[in-house]
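The values are calculated or read from the model by the stated rules, or taken from the named source; none is laboratory data. The structure presented is a predicted model; accordingly, all values stated were derived computationally and were not measured. Don't worry about glycine lacking a Cβ; one is built from the backbone with ideal geometry, like all the others, and counts go over all protein chains shown. Only protein heavy atoms, including side chains, enter the accessible area calculation; ligands, DNA and RNA are left aside. Shrake-Rupley method; radii C 1.70, N 1.55, O 1.52, S 1.80 Å.
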Amino acid sequence: MIFRKVCLWLTLLMGGMCAPSSYAATLTGFHLEVGATAERIAILTDAKLTPKASFMLQKPDRMVLDFNHFKVGKVSLPDTYRGRLIRGIRSGAYDANTTRLVFDLSAPVKVLANYHVEPEGKIWRYVIDIQSKNGAPPVVAPPKPSVPAKPKIAVDAGHGGQDPGARGKQLIEKQVTFKFAGALVKRLNDSGRYQAFLVRANDRFIALHDRVKIARAKKADVFISLHADSNPNPKARGLSLYTLSETASDAEAEALAARENKSDIIEGVDFGATDADVADILIELAQRETMSQSATLAKDMLAGMPRAVTLLVRPHRYAGFRVLKAPDIPSVLVELGFLSSPQDERMLASANYAGHVSNGILKGLDQYFKRKKAH
Ligand code: ZN
């Protein structure tokens, strides 16, 4: 036992110290397949190989396979993997004779089958079919195209049609958001790094849940909803960003979300109660993950804002905005400024300000996707 521990540490520190001098088989790779309800792991080797022990560990969930005299080297999860169950693959020399493969899992799994496949050429396959114990099927995403696609950005101009939104002395929110959305889409597309599109391409009413649907249908990677607020206090001014949360960060944020969510009852029907299709696909885990990504994106956008953009006090806030509820698309709502502030209203009318805000959002997106890529 002591030897095992020493050996494990030496292996971790110095690598290969306890590796046996001859191997029964060498790993040539992994082949992972994602089916409708199960995932398949194939361990590819140059000779027939059966684990001498296999077991599950919890907290965090792992599947462990021990092999005799198995040459593995450095292993990692293939980046073509599009399943949900496996988070990573690691290996190590557990003792002088034992090589351990560890599959880090995102959920407890059961093994449906394990077997050898007769070799094709010289490659043997040891196959393990696994399924999530809680029955949630893995999600099959399309394979990555070889040229990395540009992230798609849905730009949603708030309000429209018979829903004008907030009013200033001169400006109407639906017009301000439409003008800004156009400038932002142009700026993002001109950068050559994004494929941005308008959710609302003209002055028409679109219910909030339909905006989310449009973004999902076009496979948006990020959803940005543009608005301009109004406040009884004419001194309130500056830009702020909102991301989804079940609990609002403050009463103001909650009241604002209530006002913005009213867009759905403009036509006399509360669509909020009927968005069952959204509820169906709402995977709690995905929603939570998306909420944290949305918060990161909002922070990156704020960090990217040039000095010319005045920010509201505590410019990142949280509330239950219905338009931010895509379970799988990081979403940020931008309140561009206050139509109730004479200073902000002047700014909101200027093309310069739209340019500054667009640059800030672009910078934030660059930072966000750079970080995502690094992970
Ligand atoms: Zn609004």
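Can you tell me which residues in the stretch 231-266 are in a helix (DSSP H, G or I), more than 12 Å from the ligand (Cβ to nearest atom) and within 15 Å of residue 332 (Cα to Cα)? 253 - this is the single residue of the stretch 231-266 that is in a helix (DSSP H, G or I), more than 12 Å from the ligand (Cβ to nearest atom) and within 15 Å of residue 332 (Cα to Cα).
Between 165, 182, 192, the distinction of being within 12 Å of the ligand (Cβ to nearest atom) and either in a loop (DSSP other than H, G, I, E, B) or over 15 Å from residue 323 (Cα atoms) (or both) belongs to 165 only. The criterion of being under 19 Å from residue 291 (Cβ atoms) and among the hydroxyl-bearing types (Ser, Thr, Tyr) holds for residue 249.
Taking the stretch 60-110 as the region of interest, how many residues are basic (Lys, Arg) and either at pLDDT 90 or above or in a strand (DSSP E or B) (or both)? Total satisfying the criteria: 6.
Of all residues in the stretch 217-234, those that are modelled with pLDDT of 95 or more and at positive phi total 0.
If you go through the stretch 221-230 and keep only what is open to solvent by 10 Å² or more (accessible area, probe 1.4 Å) and more than 15 Å from the ligand (Cβ to nearest atom), you end up with just 221. For the stretch 297-316, state whether one or more residues are closer than 22 Å to residue 212 by Cα, in contact with a Ser or Thr (Cβ under 6 Å, 6 or more places away or on another chain) and assigned by TED's automatic domain parsing to the domain that holds residue 189. Checked the stretch 297-316: at least one residue is closer than 22 Å to residue 212 by Cα, in contact with a Ser or Thr (Cβ under 6 Å, 6 or more places away or on another chain) and assigned by TED's automatic domain parsing to the domain that holds residue 189. Looking only at residues in the stretch 318-337 that are in a strand (DSSP E or B) and open to solvent by less than 10 Å² (accessible area, probe 1.4 Å), the one that is nearest to residue 223 (Cα to Cα) is 331. The residue that is modelled with the highest pLDDT, among those in the stretch 258-306 that are charged (D, E, K, R), closer than 19 Å to residue 247 by Cα and surrounded by 13 or more Cβ atoms within 10 Å (Cβ to Cβ), is 299.
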